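Input: a single structure, listed below in structure tokens.
The values are calculated or read from the model by the stated rules, or taken from the named source; none is laboratory data. Just so you know, these numbers come straight off a predicted model, no measurement behind them. Note that each Cβ is placed from the backbone with ideal geometry, even for glycine, and that neighbours are counted across all protein chains shown.
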Amino acid sequence: MLKEKIDTVILDIDGTLTETISWYEITEGLGASRATHVDIFEERFRKGKLSYLDAKKELIGLWRSTRNANKKYMEKMFRSWKFKKDVVEIVEYLKKFYRLCLISGSVDLYVEAIAERLGIPHWYANTDLIWDKEGNLVDLNYYADQAAKKLEQFNEFISRNNIEKERCSVIGDGDSDIALFRELHYGIAVNKDPHPELESLAFKMIKELKEIKKIL
Ligand SMILES: [Mg+2]
């Protein structure tokens, strides 16, 4: 039984607990163009045509142009977003047996809202959003290597809580989970579409979250 071997489960959010990529959802939810965001991030920043600082400046400018990029609006938006089917039930099930921790490549305000909604006390986000006194978004600190950031946060989490790496499982779906899957023996890949690299590192592969009950 795995319950005797592990005591901690690390959960990704985007694509694992939700269907969407929160970065683009934020852009659309604020009322800005997803295509512009894709152009800034995928077409120019990822391909080295735009520096980190300029990419950040353009993205914040895009979000701020909607006049919705404030804490109040974004908190409300994050509380309204839908989970995948069975998430609440699965998280409640996992809580009975394991310590849970969210490690996400998204922004802190979003991950905090998800942690609160699911009652998960431990969480880490890739990006800090920076607000002015009125609660308007003015800056952000983004780590381009999401997978390395997640591994760093995982190591911080286990050392702070005296957890053995060998007793951890990770549930994720994408590139940002690869470093954790490489590090941990019990990686569970949740994929609708094939992800060969993640699957090659995974202990188990599932299509629906409810299958977790048969594994953990
Ligand atoms: Mg994901």
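Of everything in the stretch 100-132, what is farther than 16 Å from A69 by Cα, of a type outside the set (A, V, I, L, M, F, W, C) and not in a strand (DSSP E or B)? Give them in sequence order. Those that are farther than 16 Å from A69 by Cα, of a type outside the set (A, V, I, L, M, F, W, C) and not in a strand (DSSP E or B): E112, E116, R117, G119, P121. Scanning the stretch 19-32 for residues that are touching a residue at least 40 places away in the same chain (Cβ under 8 Å) and either in a helix (DSSP H, G or I) or crowded, with 20+ Cβ neighbours inside 10 Å (or both) yields S22, W23, E25, I26, G29, L30. When the residues of the stretch 1-13 are narrowed to those that are more than 14 Å from H185 (Cα to Cα) and surrounded by 22 or more Cβ atoms within 10 Å (Cβ to Cβ), which ends up nearest to the ligand (Cβ to nearest atom)? Per the criteria, the residue is D12.
State yes or no: is E89 assigned to a helix (DSSP H, G or I), away from the ligand (no atom under 16 Å from the Cβ) and either surrounded by fewer than 14 Cβ atoms within 10 Å (Cβ to Cβ) or modelled with pLDDT under 95 (or both)? Yes.
Condition check: of a type in the set (S, T, N, Q) and surrounded by 20 or more Cβ atoms within 10 Å (Cβ to Cβ). Does S104 satisfy that? For S104, the condition - of a type in the set (S, T, N, Q) and surrounded by 20 or more Cβ atoms within 10 Å (Cβ to Cβ) - is met.
No other residue among A125, A115 is closer than 20 Å to E152 by Cβ and either touching an Asp or Glu at 6+ places or on another chain (Cβ under 6 Å) or β-branched (V, I, T) (or both) apart from A125. Go through the residues of the stretch 110-125 one by one and say whether even a single one is surrounded by 13 or more Cβ atoms within 10 Å (Cβ to Cβ), over 13 Å from the mean Cα position of the chain (by Cα) and among the small types (G, A, S). Within the stretch 110-125, none of the residues are surrounded by 13 or more Cβ atoms within 10 Å (Cβ to Cβ), over 13 Å from the mean Cα position of the chain (by Cα) and among the small types (G, A, S).
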